[in-house]
Amino acid sequence: MKKFILASFAFLGFATVSAQNNTVTLNVKLKPIQTLLVNPAQKIVDLTYTTAADYSGGVSSTQADHLTVYSTGGFEVKVKGANANIVNGSKNIAANTITITASNGANNSVTGATYSPVSLSDNDQVIATSSTGGVNKNINVTYAGAGADTYVNNYIAGQTPTTYTTTLTYTILAK
């Protein structure tokens, strides 16, 4: 019996020594994801000039939590207009007379973001940059129209109000 027990130990010891090393390599692959949403209640922004003071001083409209960002890492937000001019039929005003300024959202803002005011252009311009991502982070946007009587002589008789229109496109890119 002792021989059997010793033989069993020898066999089990041999089995343990000769056990195979089975390994698995697990990769967690993270790809960048960026989404940018414009607040659906703010899809139309009006800059309305009503008084002489509006024409001389300019007007602005701040859209709180206008943009919502989801980003898995650093990002930049850009804006561009459809054209170099904002049009009404055959008349136009220069798009670069409109300033767009981003800032921290009223709720759940982007931590450590940098914001740059831009004059509207038909080229992409960076308005917000962040070295970190976030989930559903909000950005305020202020649209400001020119003062200094820039738009005098752009009213068209019979149109009350005379409305010049363009489309803005916001984009987000991984940084």
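What follows draws every value from the coordinates through simple rules; no lab data is involved. Since this is a predicted model, take the numbers as computed values, not measurements. Here the Cβ is made from the backbone with ideal geometry for all residues, glycine too, and neighbour counts use every protein chain on show.
Residue pairs whose Cβ atoms lie under 8 Å apart, sitting 6 or more positions apart in sequence or on different chains, and linking a residue in region 119-134 that is closer than 13 Å to Ser109 by Cα to a partner that is of a type in the set (Asp, Glu), are Ala128/Glu76; Thr129/Glu76; Ser130/Glu76.
Selection of region 47-77 for residues being within 21 Å of the chain's Cα centre (by Cα) and closer than 26 Å to Gly147 by Cβ yields Ser60, Ser61, Thr62, Gln63, Ala64, His66, Leu67.
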